[in-house]
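Visitor: The structure is given below, and queries will be raised subsequently.
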Amino acid sequence: MKLEILKELNAERAARRPVIVVTDTASGEQRLVKARDIGSDPLRAELAKQLRMGKSGNVEVGGKKLFLNVYAPTARLVIIGAVHISQALAPLARSLDYDVAIVDPRTAFASPERFPDVKLIAEWPDIALPPLNVDHYTAFVAVTHDPKIDDPALLHAFAKDCFYIGALGSRKTHAKRVERLRAQGASESDIARIHAPIGLDIGAVSPAEIAVSIMAEITAQLRLPPREKEQAA
């Protein structure tokens, strides 16, 4: 790999921006495609597909055999609320290679005994969230049912353009949440991004089943093309 490409690659990875290196397997010629440039690239369909999958692979386009080396940031999951659902959700997400952090100022809930081997921050969202460097490759889940905790956390998620934002609660509960968020300056496009009721509708009842429905919805948001995301929802 040429030094110039390597420098660009390292810079993009350090900034947690996805990047793909395209290699002509016959000539060895390489070029780097940044995420923001995929839409205008001649290989945009192939690049977008490999990026959604998060996997490198071979493609053949115009008689050329190419290898697309995908460098995507490790996905993160930030859970607001150290509740029963979180106890099932955190290990499930970790098994799918997410970096997981749980935020809850209520120390009776946010205890290492209840959440072994998980990053646990017993602080209010305004203190806990900025150091986490939440970004587009972060899935954000609010499950406390406490507006004092969930609402400021959701506003933070809007500002950071998280790829998934979900909030626990019935439609009635969500309607009240929407009113509060609007009053705090949330736009209609922000509010439309909230998946609520949270998770795919699979008839989940127990905390473990709800955790499965949430991770399924997060996975669909991360991996499926836009049209198929709408069908899954």
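The values are calculated or read from the model by the stated rules, or taken from the named source; none is laboratory data. Owing to the predicted nature of the structure, the values given are computational and were not obtained by experimental measurement. For neighbour counting, all protein chains shown are included, and Cβ atoms are generated from backbone atoms with ideal geometry for every residue, glycine included.
Visitor: Across segment 151-194, what is the number of residues that are under 19 Å from Leu129 (Cα atoms), at pLDDT 95 or above and either acidic (Asp, Glu) or not assigned by TED's automatic domain parsing to the domain that holds Phe140 (or both)?
Guide: 2
Visitor: Something else now. Against the definition (under 29 Å from Gly169 (Cα atoms), out of contact with any helix residue (DSSP H, G or I) (no Cβ under 6 Å at 6 or more places or on another chain) and not hydroxyl-bearing (Ser, Thr, Tyr)), how does Asp104 come out, yes or no?
Guide: So Asp104 passes the test.
Visitor: If you don't mind, there's one more thing I want to ask. Please go through (1) in the same structural domain as Ile20 (by TED's automatic domain parsing); (2) surrounded by fewer than 16 Cβ atoms within 10 Å (Cβ to Cβ); (3) within 30 Å of Ala11 (Cα to Cα) for Glu46 and return the number of the only condition it doesn't satisfy.
Guide: Of everything listed in (1) in the same structural domain as Ile20 (by TED's automatic domain parsing); (2) surrounded by fewer than 16 Cβ atoms within 10 Å (Cβ to Cβ); (3) within 30 Å of Ala11 (Cα to Cα), Glu46 misses just condition (2).
Visitor: Here's something else I'd like to know. Name the residues in segment 62-89 that are over 16 Å from Gly169 (Cα atoms), part of a loop (DSSP other than H, G, I, E, B) and touching a residue at least 24 places away in the same chain (Cβ under 8 Å), would you?
Guide: Correct list: Ala72, Pro73, Thr74, Ala75.
Visitor: Among the residues of segment 116-136, are any touching a Leu at 6+ places or on another chain (Cβ under 9 Å), within 25 Å of Val205 (Cα to Cα) and assigned by TED's automatic domain parsing to the domain that holds Arg193?
Guide: Within segment 116-136, none of the residues are touching a Leu at 6+ places or on another chain (Cβ under 9 Å), within 25 Å of Val205 (Cα to Cα) and assigned by TED's automatic domain parsing to the domain that holds Arg193.
Visitor: Can I ask one more? Inspect all residues belonging to segment 49-56 and state whether any of them is basic (Lys, Arg) and either buried (at least 21 other Cβ atoms within 10 Å of the Cβ) or in a helix (DSSP H, G or I) (or both).
Guide: yes
Visitor: Residues that are within 20 Å of the chain's Cα centre (by Cα) and without any contact (Cβ under 8 Å) to a residue 60 or more places away in the chain: find the helices (runs of 4 or more DSSP H) completely inside segment 102-194 holding 2 or more of those.
Guide: 125-128, 147-159, 188-192
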